[in-house]
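The values are calculated or read from the model by the stated rules, or taken from the named source; none is laboratory data. This structure is a prediction, so every number in the text was calculated from the model and none was measured. Using ideal geometry, Cβ is built from the backbone for each residue, glycine included, and neighbour counts are taken over all protein chains shown.
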Amino acid sequence: MNYCFLKHWILMIPLLWPCLKVSEILKAEKARRTVPSTWRAKRAWVWRPFVVLEEMDDIQCVGKLRSDLDNGNNSFQYKLLGIGAGSFSINERTGEICAIQKLDREEKSLYILRAQVIDTTIGKAVETESEFVIRVLDINDNEPRFLDEPYEAIVPEMSPEGTFVIKVTANDADDPSTGYHARILYNLERGQPYFSVEPTTGVIRISSKMDRELQDTYCVIIQAKDMLGQPGALSGTTTVSIKLSDINDNKPIFKESFYRFTISESAPIGKSIGKIMAYDDDIGENAEMEYSIEDDDSKIFDIIIDNDTQEGIVILKKKVDFEQQSYYGIRAKVKNCHVDEELAPAHVNASTTYIKVQVEDEDEPPVFLLPYYILEIPEGKPYGTIVGTVSATDPDRRQSPMRYYLTGSKMFDINDNGTIITTNMLDREVSAWYNLTVTATETYNVQQISSAHVYVQVF
């Protein structure tokens, strides 16, 4: 048993030897540092951590530098070196350091300086230069300032309570590790009861529904206070402009319940009769509308949209005739072109209006009973023989009497009742056919004229 144990350790020694050597070296180094030479044991700087308050007008005592070789015989001279040393003074004999200028921690929070001590009797330094730090302590001298100003936000009207609007953020230049100097709370100074702000995050949310048609822009003022709002806290404010975007929550409505238009019976198809107008409190695409005619079996009228004004233009789709129908009554309705499904309940029962169209009578020319006439007469008949009769009537209600005129041959004449007679004896061998034109003129308006062809055959 002992033999095996001994054999085991003999095999392990070569493996552990490097580790034992490293341990030896580390112990020696530690001993060297712990027990310096006699000369170093007598030389050391002595000071405590140095701090100074910012923004102080009076001279502040910061602390004291001292070498433990200084026996107080005033032969040692202390000096300050380094960037920023001019903000401090040092008593060359005692090593006492004072701040002689007002310091601003936000500009410079640490001063890294070097200390030097000289024995004036020999004119040489008795200590090696050593770095030390003067830390500037914070006071709450900076109010919170908002970033990313100006703040603007857009949110849909009628948004529910709790809807996110925008987040504002304030920054405090004071030291966040000193008390609550940089701990900020947000407060809503203006904007109730429609908005609220989360105190610790600066997130603005909706707290009450708003209707863009009543007011479309809101000015909200947010205050940021440091020190968690405790007495003595500093504050800053910012303004947030919040605009409500439109949703299609209003249907178009006719302001007039009745329209009266007139149209001449001679008006061509496509003629504009008049304009109707509905109003929508929404804007943009949400205010686009279309007009239509309800239950119009006649299909005589149509309504098209004026895209610039959103007016409905009533036009003639078929010809009208005063003698057949002197007026028409139609009902028009209006609706939006774009309605989201969730807003459909606001658009039920479309607005309507009644339109009366009066047809105006026009003095129309006479109308012959036939488009043309074919008459026959035997040859050899005496002068004044009746060939036949043509007839034209006034299509207007006043039924004007007619006057007839005949052209095309001197062998015939026509009287006031449209009867055509011969003025000479006819000979078939001379002419078997005569092409005549009969003109009918209204007695009340000689400008209204119509003509018809009359073909007379001699047999």
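Looking only at residues in region 142-167 that are closer than 30 Å to Asp282 by Cβ and aliphatic (A, V, I, L, M), the one that is surrounded by the fewest Cβ atoms within 10 Å (Cβ to Cβ) is Ile154.
Scan Glu323, Glu285 and give me the residue that is acidic (Asp, Glu), exposed (fewer than 14 other Cβ atoms within 10 Å of the Cβ) and over 30 Å from Leu244 (Cα atoms). Can you show your working first?
Working: Glu285 fails: over 30 Å from Leu244 (Cα atoms).
Just a single option satisfies the conditions, and that option is Glu323.
Of the residues that make up region 417-429, is at least one surrounded by 13 or more Cβ atoms within 10 Å (Cβ to Cβ), on the phi > 0 side of the Ramachandran plot and not aliphatic (A, V, I, L, M)? Scanning region 417-429 turns up at least one residue that is surrounded by 13 or more Cβ atoms within 10 Å (Cβ to Cβ), on the phi > 0 side of the Ramachandran plot and not aliphatic (A, V, I, L, M). With respect to (1) in contact with a strand residue (DSSP E or B) (Cβ under 7 Å, 6 or more places away or on another chain); (2) crowded, with 17+ Cβ neighbours inside 10 Å, the lone exception for Asp246 is condition (1). In the set (1) within 18 Å of Ser451 (Cβ to Cβ); (2) surrounded by 13 or more Cβ atoms within 10 Å (Cβ to Cβ), Thr385 fails one condition alone, (1).
This table checks each residue for (1) on the phi > 0 side of the Ramachandran plot; (2) of a type in the set (D, E, K, R); (3) in contact with a Pro (Cβ under 9 Å, 6 or more places away or on another chain).
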| residue | (1), (2), (3) |
| --- | --- |
| Ser87 | no, no, no |
| Gly95 | yes, no, no |
| Arg105 | no, yes, no |
| Arg114 | no, yes, no |
| Asp119 | no, yes, no |
| Ile122 | no, no, no |
| Val136 | no, no, no |
| Ala170 | no, no, yes |
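Regarding Asp394, is this residue charged (D, E, K, R), closer than 30 Å to Ser298 by Cβ, over 60 Å from the mean Cα position of the chain (by Cα) and surrounded by 12 or more Cβ atoms within 10 Å (Cβ to Cβ)? Answer is yes for this residue.
Scanning region 127-141 for residues that are touching a residue at least 24 places away in the same chain (Cβ under 8 Å), more than 30 Å from Gly232 (Cβ to Cβ), surrounded by fewer than 17 Cβ atoms within 10 Å (Cβ to Cβ) and not acidic (Asp, Glu) yields a single hit, Ser130. A search for C-beta distances below 6 Å between a residue of region 257-282 that is among the polar types (S, T, N, Q) and any residue that is modelled with pLDDT under 95 and assigned to a strand (DSSP E or B), counting only pairs 6+ apart in sequence or on different chains, returns Thr262/Glu360; Ser264/Glu360. If you scan region 320-356, which residues turn out to be touching a residue at least 40 places away in the same chain (Cβ under 8 Å) and assigned to a helix (DSSP H, G or I)? Leu343, Ala346, His347 - these are the residues of region 320-356 that are touching a residue at least 40 places away in the same chain (Cβ under 8 Å) and assigned to a helix (DSSP H, G or I). Picking from residues in region 226-268 that are within 29 Å of the chain's Cα centre (by Cα) and polar (S, T, N, Q), the one that is nearest to Asn142 (Cα to Cα) is Thr237.
Could you list, in sequence order, all residues of region 70-81 that are surrounded by fewer than 14 Cβ atoms within 10 Å (Cβ to Cβ) and either modelled with pLDDT under 90 or assigned to a loop (DSSP other than H, G, I, E, B) (or both)? Step through it out loud before you land on a result.
Residues of region 70-81 surrounded by fewer than 14 Cβ atoms within 10 Å (Cβ to Cβ): 71-74, 81.
Those that are surrounded by fewer than 14 Cβ atoms within 10 Å (Cβ to Cβ) and either modelled with pLDDT under 90 or assigned to a loop (DSSP other than H, G, I, E, B) (or both): Asn71, Gly72, Asn73, Asn74.
Do we have Leu228 as surrounded by fewer than 18 Cβ atoms within 10 Å (Cβ to Cβ) and touching a Leu at 6+ places or on another chain (Cβ under 8 Å) here? Spelling it out, Leu228 is indeed surrounded by fewer than 18 Cβ atoms within 10 Å (Cβ to Cβ) and touching a Leu at 6+ places or on another chain (Cβ under 8 Å).
Please count how many residues of region 275-303 are part of a loop (DSSP other than H, G, I, E, B) and small (Gly, Ala, Ser). Outline the logic, then answer.
First pass over region 275-303, keeping only residues part of a loop (DSSP other than H, G, I, E, B): 280-283, 288, 295-300.
Then keep just the ones that are small (Gly, Ala, Ser); that gives 298.
Result for region 275-303: 1.
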